[in-house]
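The values are calculated or read from the model by the stated rules, or taken from the named source; none is laboratory data. Every value quoted in this text rests on a predicted model; they were computed, and no experiment measured them. Note: ideal-geometry Cβ built from the backbone for every residue, glycine included; neighbour counts use all protein chains shown.
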Amino acid sequence: MSDQENKQRNEQTNEPTNEQENETTNEQKNETQQPETDEAAQNQDAAPQEAPEPDDAQTLLAKAQEELKQQKDRFLRTAAEYDNYRKRTEREKSMLYLDATAATVAEFLPVADNLERALAQPDCSVEDLRKGVEMVLTQMQNALKKLGVTEMGAEGEPFNPDLHNAVSHIEDENVGENTITQVFQKGYKIEDRVIRHAMVQVAN
């Protein structure tokens, strides 16, 4: 056998067969595909749960709508109740004011009646007129007393800026400091509430 034949035989021996090449390629493919298969299985396990069925979604929607309707009804009832309460309170306040005003006017109606009677007299002397005015004044004072109104401001009282309004000032050694010496107009109050400050003159 020649050297050239030996060389060709050795080359044929060292070259892989087609079957061997195919087996090697398949093994590499299987090794490559195995991790991908495992990874796909893990992803499938971690996938989110399936969406609810259409029937379940309709049920949830209907329940939410019913709850919303109930909330709306409660809101409307509360708003209506508050509006009724507000109107009722306003009516009660208005009635209280009217009742208080009517009670006050009722106390002064007799005074007005007596003034009308006095003016209706065809002949009246000065003395009779004076007596009539004094009677009406007494009646007026009684009406104020029934309403809880008291007078403020009298000569000799100490001056109090919360009750009196000093419109004049004099110096008098015979009178104490901040003492009322003259009352130009009486003041009136109900309990601690001042209706009108007394207009006075203060000394020193």
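Below is a table of values for the structure above.
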| item | result |
| --- | --- |
| Top-ranked residue of the range 143-171 - restricted to ones that are within 47 Å of the chain's Cα centre (by Cα) and β-branched (V, I, T), ranked as farthest from M199 (Cα to Cα) | V149 |
| Odd one out for C124 among (1) of a type outside the set (D, E); (2) in contact with a helix residue (DSSP H, G or I) (Cβ under 8 Å, 6 or more places away or on another chain); (3) over 26 Å from A100 (Cβ atoms); (4) part of a strand (DSSP E or B) | (4) |
| Residue count, the range 167-204 (criterion: outside any strand (DSSP E or B) and small (G, A, S)) | 1 |
| Residue within the range 162-180 that is of a type in the set (D, E), out of contact with any Cys (no Cβ under 8 Å at 6 or more places or on another chain) and assigned by TED's automatic domain parsing to the domain that holds E107 present | no |
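Here is a yes/no grid of residues against (1) out of contact with any Leu (no Cβ under 8 Å at 6 or more places or on another chain); (2) closer than 26 Å to G148 by Cβ; (3) surrounded by 10 or more Cβ atoms within 10 Å (Cβ to Cβ):
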| position | (1), (2), (3) |
| --- | --- |
| K87 | yes, no, yes |
| E92 | yes, yes, yes |
| A100 | yes, yes, yes |
| E107 | no, yes, yes |
| P110 | yes, yes, yes |
| D113 | yes, yes, yes |
| A120 | yes, no, no |
| L129 | yes, no, yes |
